[in-house]
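A short worksheet on the structure shown next.
The values are calculated or read from the model by the stated rules, or taken from the named source; none is laboratory data. Bear in mind the structure is a predicted one, so any value in this text is a computation, not a measurement. When we count neighbours, we look across all protein chains shown, and the Cβ atoms used for this are built from the backbone with ideal geometry, even at glycine.
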Amino acid sequence: MSKRILIVGTGVIGLCTAYYAMKRGHRVTLMDRAPADHSGCSTGNAGMIVPSHFIPLAAPGMVGLGLRMMFNPESPFSLRPRASTDLLEWVWKFFQACTPNHVLRSAPLLRDLGMASRSCFEQIADDASATFLFEKRGLLMLCKTASTLRHESATAIQAHKLGMPAEILSPEEAARLNPGLQMRVAGAVYFPLDGHLCPEQFLRSLTRTLQRAGVEFLWETEAESWIHQGRRLTAVQTQRGVKQADEFVIAAGAWSPTLVRELGLHLPMQAGKGYSITLPAPRQIPCVPSILTEARVAVTPMGSRLRFGGTMEIAGHDPSVNHSRVRGMIRSIPDYFPGFTEADFRNQPVWSGLRPCSPDGLPYVGRAGIFENLSIAAGHAMLGLSLGPVTGRLVTELISGETPSISLDPLSPNRHARP
Ligand SMILES: Cc1cc2nc3c(=O)[nH]c(=O)nc-3n(C[C@H](O)[C@H](O)[C@H](O)COP(=O)(O)OP(=O)(O)OC[C@H]3O[C@@H](n4cnc5c(N)ncnc54)[C@H](O)[C@@H]3O)c2cc1C
């Protein structure tokens, strides 16, 4: 049965949900408070589609690593202390989730979601109206030191156990994948199933496809409050009036918790700020994307451009650029790629985005609270692009009255509900 679906948020999660809902024959409206150029976290990200990232952000060792990095102003991680019970609760829940058991339970799920999403990207790219390129060249985890390489090799062994290919490479083998690029590393782990794309191109392509299919876009329209009758939402109130629908999906990224608070829903989430710089004419261009493992910098070729992305700052919803962190990111690049200098990045614009981070490293996908026609699709942290399409497909299955093809129980938005 065709339903009226209202989706709040036109980031990658909202657009992908709209895509699958439209394909299923639903009548879809997308609403965003931003203008039509997509200003959320989904534009300037590193563009990696990474089923290899099956270890959740909350994992053993992360608390110690975070504490060590916090006091270095140029390190890739920081947490700005502030008097906030939400922040305290998030930190406590993150700490509780950093266990081997949590990783053991989450890794097969993240693998399944990642692999299913990769197939979805292939399917969307085959759509006649698609105008983006999905490149399948894998991902190199480049390691400067032997100890990092040993640690990454352990992840490769875990990947094998989960049925995912991964190869441990010598510096020479890694160099063969990137002809013409100078590299100085101790070795690398190669994940051949990973892919990449230009996120802006992907969002533009999807937006055009949806517009051509008759999906309604309400730009510069902020969802402010809700109207409901018992257990059913009937409409969302905006500054431009009321919008009714049969089903409501919150895909508002790092701002989702505020939007559902008045409905009594508690979604612990912190914004994790990251930056990217895109060189329009780089000195050298790698063929295969990589992560500079110790520096936690992602490097992605996007046509003739080269994007560097990194840092994770837990500092509220402030989008301003912290130049010390950006300097730290830039300084690390010549350590791995000696063909680049810090001067290459001078005067290049810095993009910032707020990742929606749940405390256990798993997104919130599913029905929310007591409301039978409200779904949440948010909290994907560092994996929002990778998991966008599968999230859209699963939410569409849910609102179409089907049993989701991957169990959503571990992703329930109600998992942190207060008694
Ligand atoms: C530096 C960096 C690199 C990254 N690299 C990768 C990568 O390589 N691969 C990967 O998978 N992920 C990556 N990510 C993560 C990814 O970008 C995010 O997980 C993803 O973009 C989140 O998408 P979203 O749709 O949930 O949120 P957003 O893109 O933030 O979209 C939310 C939208 O909701 C709108 N909104 C909010 N509140 C309201 C309201 N009340 N009314 C109306 N509209 C509202 C906002 O305006 C916004 O447009 C990276 C992130 C960063 C910062």
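Values for this structure:
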| quantity | calculated |
| --- | --- |
| Residue within region 173-184 that is closer than 30 Å to A245 by Cα, in a loop (DSSP other than H, G, I, E, B) and in contact (Cβ under 8 Å) with a residue 24 or more places away in the chain present | no |
| Any chance A83 is in contact (Cβ under 8 Å) with a residue 60 or more places away in the chain and either of a type in the set (A, V, I, L, M, F, W, C) or not in a helix (DSSP H, G or I) (or both) | no |
| Residue list for region 283-300, restricted to those being over 16 Å from R331 (Cα atoms) and either in contact with an Asp or Glu (Cβ under 8 Å, 6 or more places away or on another chain) or at pLDDT below 95 (or both) | R283, P289 |
| Residues (among the aliphatic types (A, V, I, L, M) and touching a Lys or Arg at 6+ places or on another chain (Cβ under 7 Å)) located in region 316-356 | L354 |
| Every residue from region 129-155 that is β-branched (V, I, T), crowded, with 16+ Cβ neighbours inside 10 Å and touching a helix residue (DSSP H, G or I) at 6+ places or on another chain (Cβ under 8 Å) | none |
| L109 vs. criteria aliphatic (A, V, I, L, M), surrounded by fewer than 19 Cβ atoms within 10 Å (Cβ to Cβ) and in contact with a Pro (Cβ under 9 Å, 6 or more places away or on another chain) | yes |
| Sole exception among (1) assigned to a loop (DSSP other than H, G, I, E, B); (2) surrounded by 14 or more Cβ atoms within 10 Å (Cβ to Cβ); (3) under 22 Å from the mean Cα position of the chain (by Cα) for E74, by number | (3) |
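For (1) surrounded by fewer than 22 Cβ atoms within 10 Å (Cβ to Cβ); (2) away from the ligand (no atom under 16 Å from the Cβ); (3) over 24 Å from S256 (Cα atoms), each residue gets a yes or a no:
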position	(1), (2), (3)
L6	no, no, no
D32	no, no, no
S52	no, no, yes
P60	yes, yes, yes
V91	yes, yes, no
